[in-house]
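Right, one structure below, let's go through it.
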Amino acid sequence: MDRQEIIKKTELFVKKTLSEDSTGHDWWHIHRVRNLAKRIAREEGADIFLVELAALLHDIGDYKFFKGDEEAGAAKVGEWLSSLEISPSFIDKIIEITSRVSFMLSLPDKQKGRDKKNSTIPTVSKELMSVTDADRLDAMGAIGIARAFTYGGFFNRPIYDPAIKPIKSITKEEYKITEAPSINHFYEKLLKLKDMMYTKLGRKIAKRRHRFINLYLKQFFKEWKGKM
């Protein structure tokens, strides 16, 4: 099976798998991440085929779709790739990326303290950088804002509650189970993303999208207080 056929079959598989998603992790999110990841990959000199395939599959392995199970998703990705008769070594590379894209994995573990992370820093490949930056960029800007409220609405979360303060130094455990209002998510994740980009292009795009988020929040709170 040639690369073009692998991509096409995977695209159809992902479209079918995510066809009923209403959380903002739908096919169009995948489509945007795939295109942006390929753009970043070209700038970085990364393996485009590896990046495109990982981008297509990056949410198939998301823990949110497996009741918090962080291992089940990787198994599903591996099962799909094995059906395409891809070499085990290449499958391992894809799973390495899809298993490490999640923002949650960048947060400190509760038992290690809020300000401490793992002392061992794993190697980050150009391919992982490309997919991770693209995925995080789709959580920023106008689309990122829309996705934040789509996700919150799906889980019946309020837009905002002044009595519930955001946890700015949120841990992995807290992030995984939070039911906080959608606006809190801006402070617990979205506003942090600008400084978490790996690549030059990612940082450039993130600056613009970060600025837009801040403008939106200023307008939001003016309207909340009845000033606009």
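Points to keep in mind about this one:
- Nearest-ten-degree value, helix 200-224 long axis tilted from longest Cα axis of the chain: 30
- In the chain, Cα pairs under 8 Å separated by at least six residues give a relative contact order of 21 percent.
- For the chain, the longest principal axis of the alpha carbon atoms and the long axis of helix 141-154 meet at an angle near 80°.
- In nm, spacing of pseudo-spin labels at R203 and N35 (7 Å Cα→C-beta vector): 2.6
- Principal-axis analysis of the Cα atoms of the chain puts helix 3-17 at an angle of about 40° to the longest axis.
- Among V33, V124, V14, sorting on how many other beta-carbon atoms sit within 10 Å of each Cβ, with the fewest leading, yields V124, V14, V33.
- With Cα atoms defining each centre, region 164-194 and region 199-228 are spaced 16 Å apart in the structure.
- Relative contact order (%) - region 139-228, alpha-carbon pairs under 8 angstrom, separation at least six: 33
- Most to least packed among 19-26, 53-60, 134-141 [average Cβ atoms within 10 Å]: 53-60, 134-141, 19-26
- Within region 134-158: backbone nitrogen closer than 20 Å to the E43 label point (7 Å, Cα to C-beta): 134-145
- Separation between Cα centres of region 69-109 and region 1-29, rounded to whole Å: 15
- Ordering of 211-218, 91-98 by packing [mean C-beta count within 10 Å, highest first]: 91-98, 211-218
- Cut-off 19 Å, label 7 Å out along Cα→Cβ of K225, residues of region 140-183 by amide N: 160-166, 183
- R100-K16 pseudo-label distance in nm [points 7 Å out on the Cα-to-Cβ vector]: 3.1
Bear in mind that the values in this text are calculations on the coordinates, not laboratory data. Remember, it's a predicted structure, so these values are computed and weren't measured experimentally. So basically every Cβ, Gly included, is an ideal-geometry build from the backbone, and we count neighbours across all protein chains shown.
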